[in-house]
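Student: What follows is a single structure, and I will ask about it in a moment.
Here, each number is a calculation from the coordinates, and none is a lab measurement. Bear in mind the structure is a predicted one, so any value in this text is a computation, not a measurement. Ideal geometry is used to build each Cβ from the backbone, glycine not excepted, and the neighbour counts take in all protein chains shown.
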Amino acid sequence: MSQHVSVLSACALVASAVTFGMTSAAHAANTTSLTHTAVLSGLDNPWDMAFLPDGTMFYTEKCRGLSVRMPDGTVHALLGMKGTDDDFASTAEDLFCEGQAGMMGVAVDPDFEQNRQIFVYSTSDMTAPGTNRLMRMTVGDDFTSVADRTDIVDDVQYKPKATDHPFGGPGAHNGGRVRFGPDGYIYLTTGDTHNGEVPQSPTLIGSKVLRIDRDGNAAAENTPPEGFDPRTYTYGHRNVQGIAFHPTTNTPIVAEHGPWHSDEITVLVNGGNAGWDPRPNMAGRGDCPDNYCGYMPNQMEGMNRFERAAFMPMTDFDTYPDAMPPLWDNNGWSQGTSSAAFLTGEAWGDWENAMVVGIMGIGFGGTPIGQRIDVIQLSEDGTELVDVTEMTLPMEAGRFRSLVLGPDGALYASVDEGEIHKLAP
Ligand SMILES: [Ca+2]
């Protein structure tokens, strides 16, 4: 309660400051004038949200399933996973969670009003040892159920077994963000599943950004290299969990986790290679445990973040000189950049059309923990970095998993700790 009161007071003060003195203050107005509302709490790893224009919010919980929060605050539990209680209208016994994997991204069809379709990404054991699937479903008229599940993508790699790496558990690097682009296609981000072969593989669809239609077919405009799965928009990623579209250029930009160094923000180019290749015997390396060089013990023990970047680059320009260069590398740190969104609307002031990235804060090997939301300002054409500012939060930070701009222009943020927050300018 006391925190809430102090936030309100701060807002009132800043509101005056904005009214009387906003002429030249660069970022001061926005950094302190956010209001906070707790939208939902007590959730189990809320992973993603998707909105209808009236504020209806679909959301996933990684180990529970899909639910919807109506504009009046009522919640309907729609589709549960294996082992969830019977709160859900229906249960899918093939959907499960393990480690980083589970029910993840959710997107609403831009034509929802006509077709009532939503799209959800989840791990499934319908085929052994499991894959990730993108499911299309129809939402019932009263928003209390979903039906007509159709798996439009059923072959995204999943990591079934633990490997001999730190953080090497099942379900690792599972990608999982689903977004409709301004071009009307679905963009699905996938991860490398700790498999050295996946990122540069033309046929395994982990470590990719896929661009597909509502039936899961490749977008005709995709231009991957010859021999690649035609659904490939970009490849050579490590584990993309954030994708957003520049509000004026419409270009997709991704945020992905770095390997003990160098989280990356990358402007995508159709058919481009993001340059991650953790195979042994690449970039001057020798053999690696489990044929995966993403986590070498010598990196953890003996190198700083810059030496790690040279040893196991997030973007290997020596091997792939034409790789898509990152716009930003989080100053060489790896802290778990997860979701991305753009702030649109005049209410955001100086931050209008800036990108926001949610950072989960992974403290490793001297890395500052840094749970935060970064505001990343780009040049007008979206190709260059102008400034990065840490958002001053009007509430306690957490592991920021998902950032979504709501239809009301506010930023909605979910944290692994179980909350969905609303931040309004
Ligand atoms: Ca890269």
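Student: Return the distance in nm (one decimal) between the two label points of a simple spin-label model at residue 310 and residue 217, each offset 7 Å from Cα along Cα→Cβ.
Tutor: 5.1 nm
Student: Return a single number: how many Lys pairs in the chain, at a sequence separation of 8 or more or on separate chains, have alpha-carbon atoms below 28 angstrom apart.
Tutor: Close lysine pairs found across the chain: 10.
Student: While we're here: Quote to one decimal, in nm, the extra length available between residue 127 and residue 386 on full extension: 0.36 nm per residue of separation minus the C-alpha distance between them.
Tutor: Answer, rounded to one decimal: 88.6 nm.
Student: Length gain on complete extension for the stretch residue 37 to residue 167, per 0.36 nm per residue less the alpha carbon to alpha carbon distance?
Tutor: Extra length available between residue 37 and residue 167 comes to 43.4 nm.
Student: Further question on the same structure: Could you work out [θ]222 nm for the chain from helices alone, using -39500 (n - 2.57) per DSSP H run of at least four and dividing by all its residues? Round to the nearest 500 deg cm²/dmol.
Tutor: -2500 deg cm²/dmol
Student: Do any GluC sites (Glu not before Pro) in segment 149-239 lie in a loop, going by DSSP, with at most 12 other beta-carbon atoms within 10 Å of their beta carbon, and if so which?
Tutor: Sites meeting the loop and neighbour criteria: 221, 226.
Student: R0 = 41 Å: FRET efficiency of residue 183 with residue 301, Cβ-based, nearest 0.05?
Tutor: 0.35
Student: Continuing with this model, one more query. Subtracting the Cα-Cα distance from 0.36 nm times the residue separation, let me have the gained length for residue 270 to residue 93 in nm, one decimal.
Tutor: Extra length from residue 270 to residue 93 when fully extended: 60.1 nm.
Student: In addition: Loop only per DSSP, at most 16 neighbouring Cβ atoms within 10 Å: give me the chymotrypsin sites (Phe, Trp or Tyr not before Pro) in segment 320-384, ordered by residue number.
Tutor: 364
Student: Still on this model: Hey, with R₀ at 51 Å, roughly what FRET efficiency would residue 250 and residue 82 work out to, going by the Cβ-Cβ distance, to 0.05?
Tutor: 0.85
Student: So which chymotrypsin sites (Phe, Trp or Tyr not before Pro) in segment 117-147 pass both tests, a DSSP loop state and at most 14 other Cβ atoms within 10 Å of the Cβ?
Tutor: Counting only loop positions with at most 14 other Cβ atoms within 10 Å, none of the chymotrypsin sites (Phe, Trp or Tyr not before Pro) in segment 117-147 qualifies.
Student: Quote the relative contact order of the chain in percent (integer), defining contacts as alpha-carbon pairs under 8 Å separated by 6+ residues.
Tutor: RCO, the chain: 14 percent.
Student: Suppose R0 equals 25 Å; then what is the FRET efficiency for residue 144 and residue 115 from their Cβ-Cβ distance, rounded to the nearest 0.05?
Tutor: That gives a FRET efficiency of 0.85.
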